[in-house]
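Reading through the structure tokens given below for one structure.
Laboratory data are not the source of any read-out in this text; all were calculated from the coordinates shown. This is a predicted model, so every value here is computed, not measured. For neighbour counting, all protein chains shown are included, and Cβ atoms are generated from backbone atoms with ideal geometry for every residue, glycine included.
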């Protein structure tokens, strides 16, 4: 069995969840989380399902931010080649009007949870949360008004993906952007879907993505004239789908929105420099 060893219990709890969101048995459940990381996959999945249900009660798929959107941040995590444990997380913050970089930070990290499809947030959110807290404490003037993550939000089989869990955990307006469609029952990359993509002719063109319950859970959005492939945008937390699409379109010079694209470049360059030293 590949055990995923956690850091200290206190650090793990802090990174993952704000305890004022929980009560009673829910707090006990979080306290047990370090032990769950050592368990076999079926036990982890059952436990993660419980925590997803708890946190999902706090998600808001509407515009609940204060003031104007000035700074938009992008998060990306890149891995050392042929290594699923050692990685670099990067945050890039841009001025939403000029798309000039106003702040960036990266950090080498050690993953303490294996990747399980559908549960990416349990692998990445702890590190995102820790980095955002560091920025908020050290450089609050550059703390993003909205965060874009490289992953899905509501476009998820439980309508609670990485962008949702990150947004709720960090209490920040959050948007999910994925390069590929998250396929599930009622949401497939079939001929009908491909035909809809072909009809996206201009930047800003989009079509809704619905699940088997016919709930709108995201959009396929063409971001630029040069990019024929769309990105998949979904609400994370405290942002409506319309606002999420507007922010992504406004931040895109290429197919992937600039905050995430630049964060990806920064993390990969940091890894290259790390390998040289």
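Taking label points 7 Å from Cα along the Cα-to-Cβ direction, residue 246 and residue 226 give a separation of 2.7 nm.
Just round it to a whole percent: the fraction of Cα-Cα distances in the chain exceeding 23 Å. That fraction is 52 percent.
How much length would be gained if the chain were fully extended between residue 275 and residue 98, taking 0.36 nm per residue of separation minus their Cα-Cα distance, in nm to one decimal?
Computed gain between residue 275 and residue 98 is 60.4 nm.
Fully extending the segment from residue 171 to residue 214 would add 12.7 nm, taking 0.36 nm per residue of separation and subtracting the current Cα-Cα distance. An oblate overall shape is assigned to segment 114-155, the ratio a/c of its alpha-carbon gyration tensor axes (a ≥ b ≥ c) being 1.5 or greater and a/b not exceeding b/c. If I take R0 = 22 Å and measure r between the Cβ atoms of residue 265 and residue 180 in this structure, what FRET efficiency does the formula 1/(1 + (r/R0)^6) give, to the nearest 0.05? So, using R0 = 22 Å, E works out to roughly 0.65. Most simply put, the chain has about 80% antiparallel DSSP beta bridges, counting only bridges with both residues inside it. Note on residue 45 and residue 193: the extension gain reaches 50.3 nm, defined as 0.36 nm multiplied by sequence separation minus the Cα-Cα distance.
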